Amino acid sequence: MKTYINSIISILFMGMLLFGVANANTADGETPSVESVCNNESGSAFGLCNAYCEAMDCHLDAPNASATACEKVGDKFAKVTGRTPPCEVSNGLICPCWDDKTIDELAELVEGDGLDNTFCINNINVTQVGNIISGVVVGSLVVNPGPLVCNVVINGVSVINEFFPAEDLDDCKNEVLSVAAQLNIPCTDSP
């Protein structure tokens, strides 16, 4: 009888343990496996970003780690990449779709091709800045409010195409418009 009760207790304990692991969340309520802020990183930068932004949620007011731990991982990320983790506000960028490096690449590309080929569209269907040559979009940042998708094209190749949370829509649109303003590209409501 004692063995039977011990078996039931063991099964219940394992069941609770598995249930807890399966439903574990971080401070922002999302498990690291479903977050995407680090998808543009690779190698050790990806691991450090994943730890800082997704597992420890160091960018939140109530992170899952001590301030010392967050600072150490953030410093290591900066040492490896030369920049702050993408989940931190950096140079005013707060849209989760891109980081400073992506914005800089696009700006170089757009400026390098000359402002004659640039465009900026801002209406209820799309907010987009970029350049187009012979009918081909060479580089652009796109925020589409319909399905809440952002897209980045660099050298004619879509390097980012992902969904983002509805609460980031205005921030993402404003960042696209800010890039247009920095590049002195006037925006219109139609192509």
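The values are calculated or read from the model by the stated rules, or taken from the named source; none is laboratory data. Everything numeric in this text was worked out from a predicted model, so none of it was measured. No Cβ is skipped: glycine too gets one built from the backbone with ideal geometry, and neighbour counts run over all protein chains shown.
Condition check for residue 114 on (1) surrounded by fewer than 19 Cβ atoms within 10 Å (Cβ to Cβ); (2) modelled with pLDDT of 50 or more; (3) within 18 Å of the chain's Cα centre (by Cα); (4) within 30 Å of residue 188 (Cα to Cα): one failure, at (3). Checking each residue in segment 164-173 for being surrounded by 12 or more Cβ atoms within 10 Å (Cβ to Cβ) and in contact (Cβ under 8 Å) with a residue 24 or more places away in the chain picks out 164, 168, 169, 171, 172, 173.
Please specify each residue of segment 112-146 satisfying the condition of being touching a strand residue (DSSP E or B) at 6+ places or on another chain (Cβ under 7 Å), not in a strand (DSSP E or B) and not β-branched (Val, Ile, Thr). Within segment 112-146, 113, 117 qualify.
When 148, 141 are checked against the criterion of being in contact with a helix residue (DSSP H, G or I) (Cβ under 7 Å, 6 or more places away or on another chain), on the phi > 0 side of the Ramachandran plot and of a type outside the set (Phe, Trp, Tyr), 148 stands alone in meeting it.
Within segment 63-74, identify whether any single residue is at pLDDT below 85 and either more than 23 Å from residue 175 (Cβ to Cβ) or surrounded by 10 or more Cβ atoms within 10 Å (Cβ to Cβ) (or both), and answer yes or no. Checked against the condition, which is being at pLDDT below 85 and either more than 23 Å from residue 175 (Cβ to Cβ) or surrounded by 10 or more Cβ atoms within 10 Å (Cβ to Cβ) (or both), segment 63-74 yields no hits at all. Please indicate, with yes or no, whether at least one residue in segment 155-163 is in a helix (DSSP H, G or I), without any contact (Cβ under 8 Å) to a residue 12 or more places away in the chain, assigned by TED's automatic domain parsing to the domain that holds residue 124 and surrounded by fewer than 15 Cβ atoms within 10 Å (Cβ to Cβ). The answer is no, given that none of the residues of segment 155-163 is in a helix (DSSP H, G or I), without any contact (Cβ under 8 Å) to a residue 12 or more places away in the chain, assigned by TED's automatic domain parsing to the domain that holds residue 124 and surrounded by fewer than 15 Cβ atoms within 10 Å (Cβ to Cβ).
From the list 152, 179, 143, pick out the single residue that is touching a Phe, Trp or Tyr at 6+ places or on another chain (Cβ under 6 Å) and touching a residue at least 40 places away in the same chain (Cβ under 8 Å).
152
On the given criteria, is residue 131 closer than 18 Å to residue 175 by Cβ, of a type outside the set (Lys, Arg) and touching a Gly at 6+ places or on another chain (Cβ under 6 Å)? It is true that residue 131 is closer than 18 Å to residue 175 by Cβ, of a type outside the set (Lys, Arg) and touching a Gly at 6+ places or on another chain (Cβ under 6 Å).
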